[in-house]
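The values are calculated or read from the model by the stated rules, or taken from the named source; none is laboratory data. Nothing here was measured: the structure is a model prediction, and the numbers come from that model. Neighbour counts run over all protein chains shown; Cβ positions are idealised from the backbone, glycine included. Note: accessible area is taken over every heavy atom of the protein model, side chains too, but ligands, DNA and RNA are not part of it. Shrake-Rupley method; radii C 1.70, N 1.55, O 1.52, S 1.80 Å.
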Amino acid sequence: MKRKYFVKHAIIIIFVAIFFGNTISSTLGIDNFLEYTNKNDYVTNNQEFLLPEPKHIDMVLEETIMRRMSMRNFTDEPVTDEELSTVLWAAYGLREDGNYTVAKINGSHSVLIYVLLEDVYKYNPENHSLVFYKEGDYRDIVGWQYHAPVQLGLCWNSDIADINFGSAECGAVGQNIYFAANSIGLGTVITAQLEPAIEPVGLPVNEKGMGVMPIGHPVIDYNFVNRPLFISLLPRIKFSDMALTTALEERKEVTSWNSDSISRKDLSHLVWASYGYSFYIDKSNSNVVKRHHTLPSAHGYYPFRIYSVTKSGISRYIYGLFKIDFIGLPIVSFLLRIANGDKRSEIADATDSFVSNAPLFIIPVLEIEKTIDWDDLSDESVRWIWYYEAGASAHNVLLQATSRGLSGNIVSIKNKEAICSILKLDKEKFDPMFVIPIGI
Ligand SMILES: Cc1cc2nc3c(=O)[nH]c(=O)nc-3n(C[C@H](O)[C@H](O)[C@H](O)COP(=O)(O)O)c2cc1C
């Protein structure tokens with residue numbers, strides 16, 4: 001009797017365990033995902049796709065910066081899972097130390113990346129996976145500007161950040177996408193419009209589209225000629241031996257510094273990374289020979305001024321006295337002294353007290369008049385466009401700092417008027433966007 005009772009209950013328990021076990025795991029969408037975790041396989045369970053291990057990018061940081069340029073025409077050759085994984089990890093991956101591959105902007109991370117393939121997915125940095133979002137091929141709708149096998153929709157969460165800081169973090173993410181793509185033979189371009197192109201996908205109300213980046217194999221190969229024709233009073237830019245992946249893994253934000261000074265070599269590399277021109281001449285299009293900046297700019301306006309502040313004074317980085325370089329003219333770059341004396345505590349008063357002991361601040365400042373040409377992008381309501389560029393510039397500085405054994409931070413400005421006054425700028429005509437303290 002007892003045995004019969006035991007068998008009956010055992011059968012019920014086994015039945016319940018199987019039934020609920022399956023229900024719970026399929027509700028969470030993790031059954032295949034867990035099963036395949038160790039295989040680094042691209043797995044489907046209709047909900048979550050685990051991406052393969054990202055490739056370690058060996059190309060040194062400075063070379064990927066020199067090679068940064070916008071590509072707009074792509075072949076139909078598919079982007080492999082490993083290539084997509086590598087680009088996404090670089091873009092916004094979660095590192096082993098729990099930090100992202102980009103710094104927080106104004107104290108938080110707000111970026112979300114939609115990955116448009118034959119269906120729509122969302123990148124989940126937590127486990128480096130693609131989460132199924134919506135059925136349907138939106139690539140040519142959202143990515144109407146440039147047909148490509150992958151379209152990445154850069155968005156930000158409006159519960160966490162405002163439009164300017166959200167856009168600035170997208171700028172940092174966008175740089176990583178440019179660098180990773182060019183180093184593995186892919187191409188990309190940031191595209192942005194006033195009405196976000198991602199909208200047809202239908203986002204949750206608190207998610208806002210910033211820009212779209214097509215990813216694919218460029219129709220025309222990268223074709224650079226090393227022509228560092230710089231007439232510069234600053235030390236020459238040298239390649240470090242730090243691979244891009246290492247720089248992305250090792251970048252760190254600090255709030256105090258051990259030394260009060262910065263070498264001229266470091267200063268030269270940091271201002272160059274922030275907005276300078278590449279040493280490489282781009283010959284990929286035989287009709288136009290170009291030199292690219294270290295970051296993209298909406299309409300190619302490049303409306304920023306870069307200031308450096310050290311204990312000896314304030315200088316403006318002149319990154320190219322002759323703007324056009326199509327016949328290979330030298331780029332004339334130097335630091336133009338604006339004011340003597342130590343203004344760092346005044347900068348700290350206008351930003352955050354912790355920055356006061358940094359040996360160097362780099363300050364990207366928007367020159368508003370330069371955002372008005374054939375298309376007027378000067379209004380406050382579209383300032384987010386320029387925050388994208390400021391975020392890109394700040395991110396470049398942090399990566400360049402990493403490869404030179406330095407670290408820094410991206411600090412928002414509480415009192416813009418005070419910063420304009422310190423830099424001797426008219427507050428109606430200039431908009432300082434971040435202060436980037438750097439040092440050892
Ligand atoms: C915020 C932002 C928006 C942009 N939007 C577009 C765009 O809609 N279409 C496009 O072809 N390029 C766009 N660009 C790319 C610029 O045109 C490009 O960076 C600039 O012409 C310089 O060329 P380069 O990136 O090859 O050096 C954008 C760049 C930025 C920073």
Quick calc of log₁₀ I(q)/I(0), the chain, Debye, one scatterer on every Cα, no solvent, q values 0.07, 0.08, 0.09, 0.10 1/Å, result -0.37, -0.47, -0.58, -0.70
Gyration tensor verdict on the stretch 224-439 (Cα atoms; rounded if a/c is under 1.5, prolate if a/b is larger than b/c, oblate otherwise): oblate
Quick check: pseudo-label points 7 Å beyond the Cα along Cα→Cβ at HIS56 and LYS414, how many nm apart are they? 4.4
Note to self: with every protein chain in place and a 1.4 Å probe, the stretch 224-439 gives an accessible area per residue in Å² of 40
Return the distance in nm (one decimal) between the two label points of a simple spin-label model at ASN223 and SER312, each offset 7 Å from Cα along Cα→Cβ. 4.4
Tell me whether the stretch 46-216 comes out rounded, prolate or oblate; compute the Cα gyration tensor, take square roots of the eigenvalues as a ≥ b ≥ c, and use a/c under 1.5 as the rounded threshold. rounded
Let's test the formula: R0 of 45 Å, r as the Cβ-Cβ distance of ASP97 and ASN287. What FRET efficiency results, to the nearest 0.05? 0.45
In debye to the nearest 20, the charge dipole size for the chain, taken about the Cα centre with +1 at each Lys and Arg Cβ and -1 at each Asp and Glu Cβ, equals 1160
Carbon and sulfur: what percent of the chain's accessible surface (1.4 Å probe)? 52
Could you work out how far apart the two model spin labels at LYS252 and ASP349 are, taking each label as a point 7 Å from the Cα in the direction of the beta carbon, and quote it in nm? 3.3
Full extension between GLU428 and TYR133 adds, at 0.36 nm per residue less the Cα distance, a length in nm of 101.8 nm
Violations at 26 Å Cα threshold for listed pairs LYS55/LYS208; LYS311/LYS416; LYS55/LYS252 -> LYS55/LYS208
Coil-residue chymotrypsin sites (Phe, Trp or Tyr not before Pro) of the stretch 233-304, DSSP, other Cβ within 10 Å capped at 16: PHE239
